[in-house]
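Step one of this worksheet: look at the structure below.
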């Protein structure tokens, strides 16, 4: 079988190395527009459940990734300058995005995958691939050229959220991940930061739509916004600057497709459905898409049958995760009002239950100390 994969990010690379390991005679080509070793962004996170799937799918690659990760078992949530520490039921691993891509690239090349960097694919190139290959995979993100070839066939819909955010890095290595919600004037801001190496942390800053539109933040340029964030979160940065890498403030693009495949084209990762960064599962979802598609292709030599199986098995599972993503971004769209209305513990409770995947029983089992304090405070408030 001949398969062309457009996009050399985590999902495209992982799909190629999985297929090559199990079907060494297949021709697999990956086309990536960026040069090797170049990427936007800083660190990314893979939770324990995602790592478990990686270990099952390909243990050697899993071990390489884990060796390059920095793990954390807790995070702090700060509201009204009151830090509340939440112990995680399972540790999450953070890794430099460049390291993630390099490990996957090296593993794919070792297995004989053709990787063509600096290859910007056009719609004509996709049509040419369809004449030469048995399958074309769109692993090329929210702006997928593969999807653009047939958005009617995929059933594509697009929209944008009201909040704005920017991804920065910093040389301040934080002791653990944290979310800091902080007002400034009439504006509402949040910083989400986490260490991913011995010398760097990711730092994501966000403001709500009211702050952007009415608070004057949208009238600033990116350099001025970065300076404002350095001043607002100076207590956390402790003299360290924010580092920009294409760190423009933008709204999140909500991308959905009714179908994962159209003809002999299939979409994986953000090319199919964009996962909001607040659930911290975008990379996991993309890689698990690759695992499902690889399993289906290995199980059936008929491409149409394999794509149908992939859609039936992966579709419902992914829909649950994307549903959690949607509930999370709706919570964030309204975080300014919640900051004004809720005390720190009730705010944390609202945050922890925002996706609907954790109810009080599960929250008590996973975070007993947090729920004990919340229960005591609620009982005290209810006592006449």
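Inspect all residues belonging to region 227-239 and state whether any of them is within 14 Å of residue 161 (Cβ to Cβ), crowded, with 16+ Cβ neighbours inside 10 Å and touching a helix residue (DSSP H, G or I) at 6+ places or on another chain (Cβ under 8 Å). Reasoning before the result, please.
We begin by selecting, within region 227-239, every residue within 14 Å of residue 161 (Cβ to Cβ); these are none.
Taking every residue of region 227-239 in turn, none turns out to be within 14 Å of residue 161 (Cβ to Cβ), crowded, with 16+ Cβ neighbours inside 10 Å and touching a helix residue (DSSP H, G or I) at 6+ places or on another chain (Cβ under 8 Å).
On inspection, residue 275 does not qualify as assigned to a helix (DSSP H, G or I) and out of contact with any strand residue (DSSP E or B) (no Cβ under 8 Å at 6 or more places or on another chain). Criterion first (under 30 Å from residue 365 (Cβ atoms) and at pLDDT below 95) does residue 51 satisfy it? So residue 51 fits the description; yes. What do you reckon, is residue 213 more than 23 Å from residue 328 (Cβ to Cβ), part of a helix (DSSP H, G or I) and not assigned by TED's automatic domain parsing to the domain that holds residue 142? Here the answer is no, as residue 213 does not meet what is asked. Once region 30-68 is narrowed to residues that are part of a helix (DSSP H, G or I) and in contact (Cβ under 8 Å) with a residue 60 or more places away in the chain, the residue that is nearest to residue 112 (Cα to Cα) is 57. Of all residues in region 286-305, none satisfies being in contact with a strand residue (DSSP E or B) (Cβ under 9 Å, 6 or more places away or on another chain) and in a loop (DSSP other than H, G, I, E, B).
The values are calculated or read from the model by the stated rules, or taken from the named source; none is laboratory data. Keep in mind that what you see is a predicted model, and the values were worked out from it rather than measured. For neighbour counting, all protein chains shown are included, and Cβ atoms are generated from backbone atoms with ideal geometry for every residue, glycine included.
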